[in-house]
Amino acid sequence: MTTKYLFFTGGVVSSVGKGVTAAATGLLLKERGFKVAVQKLDPYINVDPGTMSPYQHGEVFVLDDGAETDLDLGHYERFIDIRLTRVSNFTTGQVYAEVISKERRGDYLGGTIQVIPHITNEIKRRVGLVSKETGAEIVIVEIGGTVGDIESQPFLEALRQLRNEVGRENCLFVHVTWLPTIGATGEMKTKPTQHSVAALRSIGISPNLIIARADSHIDDSLCDKIALFCDVEKRAVIPMPTADVLYEVPLLLDKLGVGELVLEKLDLKATRKPDIKPWQKLVEEVRKPRPDVRIALVGKYVELQDAYMSVREALKHAALANGVEVQIDWVHAADLEKDRGWDVVRRADGILVPGGFGSRGIEGKIMAARYAREQKVPYLGLCLGMQVMCVEFARNVLDLEDANSSEFDRSTEHPVIDLMIDQRSITDLGGTMRLGLYPCLLQKGSRAAAAYGVPQVNERHRHRFEFNNAYRAPFEQKGMLFSGLSPDGKLVEIAELVDHPYMVGSQFHPEFLSRPMKPHPLFMGLLKAAKERSKK
Ligand code: GLN
């Protein structure tokens, strides 16, 4: 079968849910019997999101093969319930790095290297890789940013060329735009959408579908207007007001006929009837009033909640499955050091310390871990959160006063968390951590084993430091159980406190594998324990 392409472009402004829309559309197509793959093209110059500040870029989402990617890949995986690989995300930086290294090697035989054709060819090659590597029948390609950005021009040009190469009948351009509302009159406007479609047409692309986003109801007359001015069929203008429940987006798109319309335009026939009942049930559950459980998330980037996107989603999945509503209280770790924010921690039914890098806020996180241990408050530590849990234990239970991670104190006498041996000779920061899926054996009878219900799991990693094995024996003597280890036994993957309702830390990032309908066992454990506590 020929590969069919669905290109998602953005209009007017970014952050209007293009990624979610693309992911939800992917789900509708998967449900109709097609093998779907997704790819995100990021027009910025960075080589990967791995070294970008979470403040600017949000969370770095890690894939099985260790690729550090854009957080939209998290939406794709959660909505479509697929596992993506490296080919599913690339940036301008990667494209240029490839072309320049070929030029340096002499591959172009002295030719002049230009955006067209060299850069656009490399973009097309990378888009083509997805169907080759995944065997997908439908490839959804989302172009980051908005039409009109200087950076995205070569991408749009490449896709325009690709459309001619693979045949117009095999491509659909979906433009996701924003309809602003004027405060004074309350009037919703289509003009910016008209402009953005005009910009798209000026580079030779006419959208086939326009998904019009707004925060409130979108009047039918506005869809008429968009159809008229933007030269698309009326039924191909899809009004999408903001959904109050994220997971309702596929249901809304389905109701508006997007699944059928896409298939019709790509000349495809569904091979099975979509079953969206589980999603309907999920949304119904979300809407039901449930008792609150408060989780204090003690982190560093709490102003920008996108920095912890998967953690937040994983908490919600597990809460739903436990029949509770999770209220996440975002606590600045550095505040705790200054005696602020403790009221929030004290009223929490559970504490979560997520992953992180750098020393800011570390002492605050250690204080939160101490509080959780002493007050027997359920605690889940993710990567750095597991490391601070061990540092705290060393300091206050083993009385190793200056215990630390050597990430934060190079000269500590007790580096209970230390640089991994393989990391010692590495100086580059980009893409050099221990990344991706690794196996972990669970110790029988432990909380971790009970939570998972299987003897071995594979989880996604992103770290440079690890538990220092020289300290295993004293930790165990005082009640810390290393309930998850690498198969060779050399690497601590999970640590848990024996005498505690639930104090568990993982060296990996369980949040990346949580799905709305398959909540992650370690998050389930936290929410279950927090629910118990909230009842008391
Ligand atoms: N900074 C720590 C390390 O490199 C933790 C990393 C993380 O939380 N992802 O090991």
To the nearest 20 debye, what is the magnitude of the charge dipole of the stretch 313-384 about its Cα centre, counting +1 on the Cβ of each Lys and Arg and -1 on the Cβ of each Asp and Glu? 160 debye
Would you mind getting the accessible area per residue of the chain, heavy atoms of the protein chains only, 1.4 Å probe, in Å²? 42 Å²
With +1 on each Lys and Arg Cβ and -1 on each Asp and Glu Cβ, and nothing else charged, work out how big the dipole of the chain is about its Cα centre, in Debye to the nearest 20. 1160 debye
Once you order the gyration tensor axes a ≥ b ≥ c over the Cα atoms, which shape class does the stretch 102-156 get: rounded for a/c under 1.5, otherwise prolate or oblate by comparing a/b with b/c? oblate
Rounded, prolate or oblate: which fits the stretch 449-492, taking a ≥ b ≥ c as square roots of the Cα gyration tensor eigenvalues, rounded meaning a/c under 1.5, else prolate when a/b beats b/c? oblate
Would you tally the net charge around Ala451, using a Cβ to Cβ cut-off of less than 14 Å, leaving Ala451 out, and scoring K and R as +1, D and E as -1? +1
Please give every one of the lysines within straight-line cross-link reach of Lys269, meaning a C-alpha to C-alpha distance under 30 Å, and leave out same-chain neighbours fewer than 8 residues apart. Lys4, Lys18, Lys30, Lys35, Lys40, Lys124, Lys132, Lys234, Lys255, Lys277, Lys281, Lys518
Computed helical MRE - 222 nm, the chain, DSSP H runs ≥ 4 contributing -39500 (n - 2.57), nearest 500: -11000 deg cm²/dmol
Whole-percent pair-distance distribution, where bins are 5 Å wide, for the alpha carbons of the stretch 156-251: 3, 12, 22, 21, 17, 13, 8, 3, 1, 0
Students often check this: by mean Cβ neighbours within 10 Å, which of 284-290, 250-256 ranks highest, and how do the rest follow? 250-256, 284-290
In whole percent, how big is the carbon plus sulfur part of the accessible area of the chain, probe 1.4 Å, protein atoms only? 51 percent
Find which of Val454, Ala473, Pro487 sits farthest along the positive direction of the dipole of the stretch 430-536, computed with +1 on the beta-carbon of Lys and Arg, -1 on that of Asp and Glu, about the Cα centre. Val454
Rounded, prolate or oblate: which one fits the chain, using the alpha carbon gyration tensor with axes a ≥ b ≥ c (rounded when a/c is under 1.5, else prolate when a/b beats b/c, else oblate)? prolate
Cα-centred dipole magnitude for the stretch 161-270, charges only on beta-carbon of K, R (+1) and D, E (-1), debye, nearest 20: 340 debye
Expected sort for 270-277, 529-536 on mean C-beta neighbours within 10 Å, highest first, is 529-536, 270-277
Could you tally the net charge around Ser486, taking each other residue with its Cβ under 15 Å from the Cβ of Ser486, Lys/Arg +1 and Asp/Glu -1? -1
Sort the following peptides by mean Cβ neighbour count (other Cβ atoms within 10 Å, averaged over residues), highest first: 197-209, 499-511, 109-121, 51-63. 499-511, 51-63, 197-209, 109-121
By the scheme Lys and Arg +1, Asp and Glu -1, what is the net charge of all other residues having a beta-carbon under 14 Å from that of Arg340? -4
Straight-line reach check, Lys444, cutoff 18 Å on alpha carbons, 8 or more apart in-chain or any other chain, hits among lysines -> Lys490
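The values are calculated or read from the model by the stated rules, or taken from the named source; none is laboratory data. All values reported here derive from a predicted model rather than from experimental measurement. We place every Cβ from the backbone using ideal geometry, glycine too, and count neighbours over all the protein chains shown. Keep in mind that these areas ignore ligands, DNA and RNA; they rest on the heavy atoms of the full protein, side chains included. Shrake-Rupley method; radii C 1.70, N 1.55, O 1.52, S 1.80 Å.
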